[in-house]
Structure formats: C-alpha cells, structure tokens
1. Across every pair of different alpha-carbon atoms, what Kirkwood hydrodynamic radius in Å does region 51-187 reach?
2. Based on other C-beta atoms within 10 Å, arrange Arg116, Arg443, Arg140 from fewest to most.
3. For region 3-378, build the charge dipole from Cβ charges (+1 Lys, Arg; -1 Asp, Glu) around the Cα centre, then report which of Tyr304, Pro344, His261 sits farthest towards its positive end.
4. Rank the residues His208, His117 as a footprinting-exposure proxy: fewest other Cβ atoms within 10 Å of their Cβ go first.
5. Quick one: go through region 278-319 and flag any residue whose amide nitrogen is under 20 Å from the point 7 Å out along the Cα-to-Cβ line of Arg75.
6. What does the charge count near Arg460 come to, summing +1 for each Lys or Arg and -1 for each Asp or Glu among other residues with Cβ under 9 Å from its Cβ?
7. Which percentage, to the nearest 5, of the DSSP beta bridges contained in the chain is antiparallel?
8. Can you give the helix-only mean residue ellipticity at 222 nm for the chain, where every DSSP H stretch with n ≥ 4 adds -39500 (n - 2.57) and the sum goes over all residues, rounded to the nearest 500 deg cm²/dmol?
Amino acid sequence: MNSKTYLEAKHERHKGPILRPFVLVFFALIALSACLGCSKTKRLPALEDLNLLLIVMDTVGSEHIGAYGKTPVGRNVSPQIDRLAAEGVLFKRAYAAAPWTMPSIASILTGQMPWRHGVMRPQNRLADDRVTLAELLKSRGYASAAVTSHMLLEKEYGLVQGFDKHWQVNQGLVHQNITSDLVSDTAIKWLQELFQEPQRPKFFLMLHYFDPHFNYREHPSFGFTQGYTGPFRGISKFTKLDRMKRSMTPADKDYIVGTYHEEIAFMDMQIGRVLAELENVGCASETLVIIVGDHGEGFMRHGYMGHTISLYDELIHVPLIFSLPGVIKPAIVTDLVHQVDIVPTLMDMSRHPGEDFSWDGVSLKTYLEGGRDLGLERVLFAELNFRQNLRKNAIIDGDYKLIHNISKNKKKLFDLKNDPEEQQPLRDKQSEIFKALSEKLARWEQQKKANNEVKTAPPRVKIDTEQLDQLKTLGYM
C-alpha cells in the first residue's frame, strides 16, 4: 500500500463532520486572499520546497515570551525566540485546545480538537487511525524526526506516530534533570548526519522542550532568582508545592516565577543553537520555523499553581510564531487563531492540498502572505476533560470568553479587553452577549455529544506504578 492510499484508508476510518464555524472562516480566508493586492502580499513557496522545524514549548504561556510584551521590565527571558518573532508573523491571540500537554500536542499534530482525536486524559493514547502531520509529510517524501523529553510523548502514547526517527531524552521517570540541551544536541546531530547524505530529502523536525514544566530548576547565570532564601527553593514534588501555596509571600512567588523564567531562558538558548545549526548546514533560508506553546501555567492567578484544572487565559493563551526570513514579512496579527490551524496551514501550502482529514482548524496562509489582520469574526473553543468531575469548555468570541464548568453546571463570562486577567466575571446572565455565547457553546457541546455517542472509546495506555508516581510528582494525578 503506497503512502497516499494508506492515509486515505486511515481517513475513512475516522471521517467526521467539520465544525461549521471553522469552515466558514476557511472559505472567508480564501476569498480575502484574492483581495489583499499584489503589492501587499508575497506568495509562499510550496510546502514541498521547504523544510519544517516545529518547536513545541511545554508549559509556556504567551505572557512569558518577551515578544508578547508582558515579561518583567529588564528581564531578557527569550531573546532567540524574540528575534525569530521579529523576523516572522507573531500571532498575538493564539489559543490552545486544552490546558495540558497530551491533548494540546495531539491537536497540534492532527489539526483536531481533543473531543475528535480522543486524547483527553492521561490514560488515553492517540489511536493508530488518526492522521498526523508526520504522516502527511511522509506521503510528500519528507524525512522526519522527533525529539521529545517527557514520558507522555513516549511511543506507546501514539503522538509520535509517523516519524522516521524518535528520541526520548528525559533522564529517568521523574523530571529531575535539565533536558533542553539534550533535545538540541540530538537535533543538531541528526541535522549534521542528514546533510551528509548526497540525495537529501526535505526534512520535518519536531522538537519538544519540557524544561519550563514543573519542577523548576535554577539557572543562576540568568540572574532572575538572586538573593532568595525562602522555603520554596528546591521543591521537587508538585503535591508539596500545592500544599504550601497558601503560605506563599510575594517574594516566594517572584522566586518561583523567576526559576520558571530561567528555565525558559535556558530553553531559549538551546533553541538558538538549533537555529544556528540551520545556518551552519545552509538550509535556514528554506526552513519554515513554527514555534508554539502547548499550554501555560497558573501561578496562583486563580488560586492554582499548575495547569490541567481551568481554561483561564494563563493556561490556554499561547505563543504562536511562523518564521521564514526573506519570504514571510514581519507582522503582528491580532485576529483569533488556534493550535489546530497549524496542520491546515501547512496542507494549504502543499502542491497536493486536496486531502480532507476533518480538520477543526483553518489555514493561516493568507496571514503569512499578507502580513496583516483580516478582521474576520471567528469563534474559538478550548476544552478540559481531565476526569469525570473535572470537565470544562470555553468559547472565545471577539473580546469575550465564556467558560462552562460542566461538572458544576456553572458559567462565567469575561470581557478580555477590559479584564485580560479574568478577575471580574460579568454578572448579567440576561445580557445579549451571555445568551449569544451560551447558545454557540451549547451547539458545539451538542456536536461533541453526538460525536461521542457513535465513536468508540479512545485506546488506553496501561500506566505502571513508576509512571503513576511521575504523573503525581508533576501534578497530573
């Protein structure tokens, strides 16, 4: 069976309806692409003429990347990423599918929401019949490799299906060691070996950097935690951190966020090494770089230190940057976009974009060619189905966001423009905006319910005692 037939067979086994709001925006983007004017656009090369470097930053919300303008004054957290953003398109309002690693990365790689791809809880795995970006690029002749650094991206969880090579570089089960340098070391070695081949294909390289996830390790050379002598230094178990959070002083919180920023800074430095290697092997000008966060971190903004528990913006508002210097013009886009847009964007760039794998996202190609907002009205969704008593959905529509706590049957509406930290829910349940968002979210929830009634249960991974201990240490269980 050739690759195309193989993908088509996989598609037929899980074909489903595409969400109507996404489809309408997709056709609107196509229509508008003809209206931007040649003087303001630069046509992108075909996907098959480019290499692809996809960098997934674990537990990095948009407010913790310098280019998004919210990091502390004088704290140079992410100079390499900021430089890349200055050369490419930075999406100011990009959202994650879910507030934790597995469902978000599955959405990044499939272009589908968690309710469709089925990876919603720690025991779930991505089913073999799901079509991933690696498989789509394999059918186009790409050589592919993934370097990951957390047990939830081990092969048995299914997220790396389709890659020619996969390295898992975490040391031991519990995240006690720094791994960003190992991710970059492995990536650089693979690139060097690949570029020694006389008949080298285009490549797809995915790098997953886990260090910004708890537990946070100090990197003294960055100087973000100098002078702290309090009780939060060296905490390695999330249960202990969560237990101590009520006694946290402002100095304690500054220290914790400082260590987190040092982890991001170290990761950023290691990302810079990979970007430099693209220059060294001579492929930087033909390599599309995409940087995305899988989710953010709570830091007590809503009474919680970690993630996996809510759909507030500190957990689902993520960085998204596309860079191809000399081709993609620098721009900042403030229209709403989503993690599930990455795969449709790449397939829209392909010479063979015809496959329809029921993506929930839309192509962002017009933004990359036009370099400006399109002013489209778009509705985004995020979801949390971590366990039976922890289920939530969210809808983002313009400046407003509605969070539905299904488990408690409660809804909260926020004005993100005037209350970006979501501290003051709007109380008027009879307002037109509350009714409108409630109706839109209810339709989406009904579609999810109808789909789940006919879909087989997602496959499960058997978690052993050691793996369970790691999940508890990281705050997942």
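Where a number appears in this text, it was derived from the coordinates with a stated rule and is not lab data. Quick caveat, the model's predicted, so the values are computed rather than measured. With ideal geometry, Cβ positions are generated from the backbone for all residues, glycine too; neighbour counts draw on all protein chains shown.
1. Details: mean 1/r = 0.0604 Å⁻¹.
Taking the inverse mean of 1/r over all distinct Cα pairs, region 51-187 comes out at 16.5 Å.
2. Working: Arg116 27, Arg443 14, Arg140 19.
Neighbour counts put them in this order, fewest first: Arg443, Arg140, Arg116.
3. Going by the charge dipole, the pick is Tyr304.
4. Values: His208 25, His117 28.
In order of increasing Cβ crowding within 10 Å: His208, His117.
5. In region 278-319, the label zone of Arg75 (backbone N under 20 Å from the point 7 Å along Cα→Cβ) covers 293-307, 313-319.
6. Working: positive: Arg121, Arg125, Lys462; negative: none.
Computed value for this residue: +3.
7. 50 percent
8. On the way: 14 runs with 158 residues, N = 477.
Roughly -10000 deg cm²/dmol at 222 nm, from the helical runs in the chain.
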